[in-house]
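Notes to accompany the following structure.
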Amino acid sequence: MEIFTQIDTWVALLTLTFLEIVLGIDNIIFISISTNKLPKNQQKKATNLGLLLAMIFRIILLLGVSYLIAMKDPFTTLNYSWLTTEITGQSVILILGGIFLLYKSTREIHHKVEGVAETETSTVKKVTTTFTKVIIQIVLIDIVFSFDSVLTAVGMTNGTEGALTIMIIAVVISMLIMMLFANPVGRFVNKHPTVQMLALSFLILIGFMLITEGAHLANTVIFKQQIGAIPKGYLYFAIAFSLGVEALNMKVRKK
């Protein structure tokens, strides 16, 4: 397809795939906790099935959110002395999604910095359960974690040509990688908590970009200032630069 002849498409795809993997670490951890109650011979099967279900939920949500974002006609208008905006389905989804990402990212950073952790897992006695019950738990977990993944994908590719195709491909690739390397990926990120902090920081940037993009698409004017869109090149550069610095830090720490 023509979109894959453009450098922006590959940058968005690689960046989004990386973020999807990092954001899926918590999902992997929760799935591991759930499957740990199963017999050894069923744990890998349950983990792979759980990640497969997560991929399906993400694709379904991507299709639904993409349909809502396509709603560009305003259904109401606000006109005040200090604020003018045309509210559309597209702008509402983007702004609410951006606010959610800001809240979720800030909350997760607070928990990690303050040392808030799930202490119950180390003290609760291990019990056995049925395969069906574990899969039901995994499905509920997947639904919750899918929202972060989808909103991140929308924020990274909104306005990009072939955005839906890029998002679906990134989700599929990231899930296949996690199926193959679920345990090593989990150990790597847990061993390098700064990678998690970087990903959460990226989510704050993406959340802010979603809000400004939604306000821009709604033709919002605040105190006679038109809200403009933030070029995605700035975001890509910030992410690439941060990852480069972190790669150097990891190399130095090894020495």
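The values are calculated or read from the model by the stated rules, or taken from the named source; none is laboratory data. Just so we're clear, the structure is a prediction, and the values are computed from it rather than from any experiment. All Cβ positions, glycine included, derive from the backbone under ideal geometry; neighbour counts span all protein chains shown.
The set of residues in region 202-248 that are out of contact with any helix residue (DSSP H, G or I) (no Cβ under 7 Å at 6 or more places or on another chain), of a type in the set (S, T, N, Q) and at negative phi comprises THR212, THR220, GLN225, GLN226.
Residue count for region 1-13, restricted to those that are modelled with pLDDT under 75, part of a helix (DSSP H, G or I) and not charged (D, E, K, R): 3.
Counting just the residues of region 14-28 that are hydrophobic (A, V, I, L, M, F, W, C) and either under 19 Å from THR194 (Cβ atoms) or in contact with a strand residue (DSSP E or B) (Cβ under 7 Å, 6 or more places away or on another chain) (or both), which one comes out modelled with the highest pLDDT?
PHE18
Given the residues ALA199, ALA218, which is the only one that is under 23 Å from LEU96 (Cβ atoms), touching a residue at least 12 places away in the same chain (Cβ under 8 Å) and touching a strand residue (DSSP E or B) at 6+ places or on another chain (Cβ under 6 Å)? Answer to the selection: ALA218. Considering each of LYS133, LYS112 in turn, give the residue that is over 23 Å from LEU13 (Cβ atoms), modelled with pLDDT of 75 or more and surrounded by 12 or more Cβ atoms within 10 Å (Cβ to Cβ). Being over 23 Å from LEU13 (Cβ atoms), modelled with pLDDT of 75 or more and surrounded by 12 or more Cβ atoms within 10 Å (Cβ to Cβ) holds for just one of LYS133, LYS112, which is LYS133.
Limited to region 78-95, what total is found for residues that are without any contact (Cβ under 8 Å) to a residue 60 or more places away in the chain and aliphatic (A, V, I, L, M)?
Restricting attention to region 78-95, the residues satisfying the condition of being without any contact (Cβ under 8 Å) to a residue 60 or more places away in the chain are 78-81, 89.
Add one more test, that the residue is aliphatic (A, V, I, L, M), and what stays is 78.
Of the residues in region 78-95, 1 are without any contact (Cβ under 8 Å) to a residue 60 or more places away in the chain and aliphatic (A, V, I, L, M).
Scanning region 208-222 for residues that are modelled with pLDDT of 80 or more, exposed (fewer than 15 other Cβ atoms within 10 Å of the Cβ) and β-branched (Val, Ile, Thr) turns up at least one hit. Close contacts from region 101-115, counting a first residue that is more than 19 Å from MET156 (Cα to Cα) and a second that is outside any helix (DSSP H, G or I) and among the aliphatic types (A, V, I, L, M), with Cβ to Cβ under 8 Å and a gap of 6+ residues or different chains, come to HIS110/VAL116; HIS111/ALA117.
Evaluation of ALA238 against the conditions (1) exposed (fewer than 12 other Cβ atoms within 10 Å of the Cβ); (2) in a helix (DSSP H, G or I); (3) modelled with pLDDT of 80 or more shows that the sole unmet condition is (1).
So in region 82-102, with the set limited to residues that are at pLDDT 80 or above and among the aliphatic types (A, V, I, L, M), which one is surrounded by the most Cβ atoms within 10 Å (Cβ to Cβ)? Out of the qualifying residues, it is ILE95.
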